[in-house]
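So the structure is just underneath, and the comments pick up after that.
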Amino acid sequence: MKISTTHTGSDFDAIASLAATSVIYPDTILVLPNSINPNLKAFLSIHKDLFDFKSSRDIEIDKVTSLIVVDTSSWKRLEGLQSLKDKEDLNITIYDHHPMDDIEAGHVIREKTGAAITLLIQEIKRLKKIITPIQATLFLMGIYEDTGNLTFTSTTPLDVHMAAYLLDRRADLSILNTFLQHAYGKKQKDVLARMLLKTERLNIDDFTISISTIDIHGRVENLAIVVQMYREIVNVDAAFGIFKDTKTDKCMIIGRSGTEEINMGLIMRSLGGGGHPGAGSAQIKNCNSENLESMLLELIKGNHHSSVSLGDIMSYPVITVNENTPIEEVAMLLREKGCTGVPITDKDNNLVGIISRRDFKKIRKTAQMQSPVKAFMSRNPVSISYDKSAMEAARLMIRHDIGRIPIMRDNKIIGIITRSDTMLYFYDLLPD
Ligand SMILES: [Mn+2]
């Protein structure tokens with residue numbers, strides 16, 4: 001007798017992989033653990049008849065000669081099949097994307113893919129086996145769940161190829177969406193409702209802020225999504241959820257900002273957390289939620305100006321070149337410094353132009369290499385004041401299709417902001 005099984009606490013990847021073994025090995029019996037994830041339960045309550053899953057209790061262990069294990073390689077994660085461990089002459093096959101554990105198998109298909117089901121689909125494809133749209137849908141759910149809809153960094157090209165293959169086999173995305181929406185479930189709905197009951201809108205300078213503090217009992221997943229929805233419903237510039245876990249006395253603070261002038265990442269970093277301008281979070285031990293609220297308000301007051309200032313993120317000192325410098329010298333300087341452009345100044349250090357790679361294309365003859373840089377530079381350069389925001393700088397870069405903007409204070413260049421500076425800022429790669 002040949003059986004297939006997967007780990008307890010089964011998720012969509014596990015059950016998809018399990019179901020896929022019956023495509024590859026038509027004579028295998030599918031043994032599904034009794035403990036499975038809630039969203040999987042919902043799916044099975046409707047689709048159970050389509051898959052012939054058995055419990056380990058239905059299996060006569062003595063008769064098992066072949067075992068196929070998917071999405072794990074650990075004995076302790078199998079349910080009710082421990083006694084197979086000591087069975088001699090047991091034929092074991094493993095399909096897994098986790099590091100090797102203690103099940104010793106004669107045949108192992110292991111790759112660091114985003115989902116285990118990816119490995120089984122690859123085999124199904126190779127064997128040219130036919131799958132139904134419902135199977136394709138379940139398999140695709142496995143890929144999407146384990147790769148966060150192909151966004152987790154663990155996602156490999158093979159996962160994406162196999163997802164495309166399943167769509168080609170008519171996997172149904174609307175069914176998939178119905179059952180994968182576990183992120184916003186009953187617990188989250190309850191938290192949102194309680195946040196809304198306790199909501200207060202505050203005005204700080206020109207911004208609307210809302211902070212809602214509620215008690216939670218133990219861990220609640222996906223609170224970030226709840227705060228996101230909360231901000232949209234309450235319709236404020238920035239919203240905070242302070243979640244006090246009554247079990248551990250820890251506070252989780254999650255913030256969402258819809259305005260570039262309230263930088264959530266910066267506020268949360270001051271609280272020991274992190275994030276990017278639009279979203280951030282921090283965890284605080286032994287929290288006093290009232291203190292925390294006033295602290296947040298102080299941080300917003302203190303931060304919304306400094307957080308946006310270009311002065312904080314610009315590169316300096318800035319290299320400038322006098323307008324009469326021969327273009328050849330400028331080219332050498334750029335190569336040496338590894339930059340693609342530089343601001344040009346007159347004898348009084350006023351900004352008169354900027355030269356970039358593009359301008360060098362205007363040079364036609366070698367003799368021109370001795371001409372002053374002012375003959376080739378772009379005049380009327382775009383510049384920006386030091387107290388403007390990174391977002392404004394980014395907008396100017398897009399509007400003028402330029403990669404660098406000199407930063408001015410009292411008509412003098414005090415720094416420069418490049419496309420990579422703004423990228424670093426928006427993706428929160430700045431060192432703390
Ligand atoms: Mn998995």
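The values are calculated or read from the model by the stated rules, or taken from the named source; none is laboratory data. Quick caveat: nothing in here was measured; it's all calculated off a predicted structure. Heads up, the Cβs are rebuilt from the backbone with ideal geometry, glycines too, and the neighbour counts pull from every protein chain shown.
Of everything in segment 398-415 that is closer than 14 Å to GLY341 by Cα and not β-branched (Val, Ile, Thr), the residue that is modelled with the lowest pLDDT is ASP401.
Of the residues LEU166, LEU192, LEU158, which is surrounded by 17 or more Cβ atoms within 10 Å (Cβ to Cβ) and farther than 30 Å from LYS128 by Cβ? The match here is LEU192. Applying the criterion of at least 2 residues that are assigned by TED's automatic domain parsing to the domain that holds VAL226 and either under 35 Å from the mean Cα position of the chain (by Cα) or within 26 Å of HIS400 (Cα to Cα) (or both) to the strands (runs of 3 or more DSSP E) found wholly in segment 254-372 leaves 274-276, 279-284. ILE319 meets all of the listed conditions (1) under 19 Å from GLY415 (Cβ atoms); (2) in contact with a helix residue (DSSP H, G or I) (Cβ under 9 Å, 6 or more places away or on another chain); (3) crowded, with 16+ Cβ neighbours inside 10 Å but one, namely (3).
Listed here are the residues, each with its yes/no results for (1) modelled with pLDDT of 85 or more; (2) polar (S, T, N, Q); (3) closer than 27 Å to GLY273 by Cβ.
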| site | (1), (2), (3) |
| --- | --- |
| ASN291 | no, yes, yes |
| LYS301 | no, no, yes |
| TYR316 | no, no, no |
| ASN324 | yes, yes, no |
| MET332 | yes, no, no |
| PHE360 | yes, no, no |
| MET369 | yes, no, no |
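Does ILE15 fit the bill of being within 25 Å of GLU221 (Cβ to Cβ) and within 15 Å of the ligand (Cβ to nearest atom)? Answer is yes for this residue. Examine segment 380-400 for a residue that is in a strand (DSSP E or B) and touching a helix residue (DSSP H, G or I) at 6+ places or on another chain (Cβ under 6 Å), and state whether such a residue exists. Taking every residue of segment 380-400 in turn, at least one turns out to be in a strand (DSSP E or B) and touching a helix residue (DSSP H, G or I) at 6+ places or on another chain (Cβ under 6 Å).
Of the residues making up segment 211-228, those that are surrounded by fewer than 21 Cβ atoms within 10 Å (Cβ to Cβ) and at pLDDT 90 or above are THR213, ILE214, ASP215, ILE216.
Evaluation of GLY148 against the conditions (1) of a type in the set (Gly, Ala, Ser); (2) within 20 Å of SER73 (Cβ to Cβ); (3) within 13 Å of the ligand (Cβ to nearest atom) shows that the sole unmet condition is (2). For segment 102-136, the candidate set comprises residues that are within 13 Å of the ligand (Cβ to nearest atom) and outside any helix (DSSP H, G or I); within that set, the residue that is surrounded by the most Cβ atoms within 10 Å (Cβ to Cβ) is ALA115. Of the residues making up segment 32-72, just one is of a type in the set (Gly, Ala, Ser), away from the ligand (no atom under 16 Å from the Cβ), in contact with a strand residue (DSSP E or B) (Cβ under 9 Å, 6 or more places away or on another chain) and under 27 Å from PRO133 (Cα atoms), namely SER55. The set of residues from segment 30-51 being in contact with a Gly (Cβ under 9 Å, 6 or more places away or on another chain) and either under 15 Å from GLU145 (Cα atoms) or not assigned by TED's automatic domain parsing to the domain that holds GLY142 (or both) comprises ILE36, ASN37, PRO38, ASN39.
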